[in-house]
Amino acid sequence: MFDILVYLYETYYRPDACPEPAALAKKLSAVGFDDVEISEALVWLNDLTEIAGAEEASTSASTGTRFYVEREHDALGTQAIGFIAFLESARVLSPLQREIVIERALALEESPVNLGKLKIIVLMLLWSQGKEPDALMFDDLFGSDEEQAPRLLH
């Protein structure tokens, strides 16, 4: 599924440049992606769009501290939580966007979420909202995990 998400990001500058889901599924199949993965990716993207749209309507400023419940901590892992906190402190993610990233990561039912996959989730959220990270954040999102020192949750 994540290969498809990266392909969409690299192929279509904006989400509104993507064809309708049926046509997109055909294009992805023609490129060589598996039908099951295509279906999963399209459902995941549709859910992202619905959540982001619903959450945008109820935007409010947040100055509180985010505490993770045990289920979230177990599913995300310390490295992913640290990365999310870093992105929020760098103002790449708003508190609302943070919650969307957490929800989409939990939807993977993978524990702990791989940092590379979390980066793709963040990138797809920004892409779906028509926002592009600045050059340094882009490098951080697409850079190799081995090249970077781990971020720790304090």
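Among the residues of the range 1-18, the one identified as surrounded by fewer than 17 Cβ atoms within 10 Å (Cβ to Cβ), assigned to a loop (DSSP other than H, G, I, E, B) and touching a residue at least 40 places away in the same chain (Cβ under 8 Å) is 14. The set of residues in the range 19-43 that are closer than 15 Å to residue 1 by Cα and in a loop (DSSP other than H, G, I, E, B) comprises 32, 33, 34. Here's a check for you: in the range 19-52, which residue that is over 15 Å from the mean Cα position of the chain (by Cα) and either closer than 18 Å to residue 126 by Cβ or of a type in the set (Lys, Arg) (or both) is surrounded by the most Cβ atoms within 10 Å (Cβ to Cβ)? Filtering first and then ranking leaves 27.
Number of residues in the range 116-131 that are surrounded by fewer than 18 Cβ atoms within 10 Å (Cβ to Cβ) and within 11 Å of the chain's Cα centre (by Cα) equals 2. Residues in the range 21-55 that are modelled with pLDDT of 90 or more and of a type in the set (Ser, Thr, Tyr): 29, 39. Take the conditions aromatic (Phe, Trp, Tyr) and closer than 23 Å to residue 131 by Cβ and apply them to residue 67. Does it pass? Judged against the criteria, residue 67 is not a match. Scoring residue 68 on the criteria (1) in contact with a helix residue (DSSP H, G or I) (Cβ under 7 Å, 6 or more places away or on another chain); (2) without any contact (Cβ under 8 Å) to a residue 12 or more places away in the chain leaves a single failure, condition (2).
The values are calculated or read from the model by the stated rules, or taken from the named source; none is laboratory data. In this text the structure is predicted, and so the values were computed from the model without any measurement. Here Cβ is always computed from backbone atoms with ideal geometry, including for glycine, and neighbour counts include all displayed protein chains.
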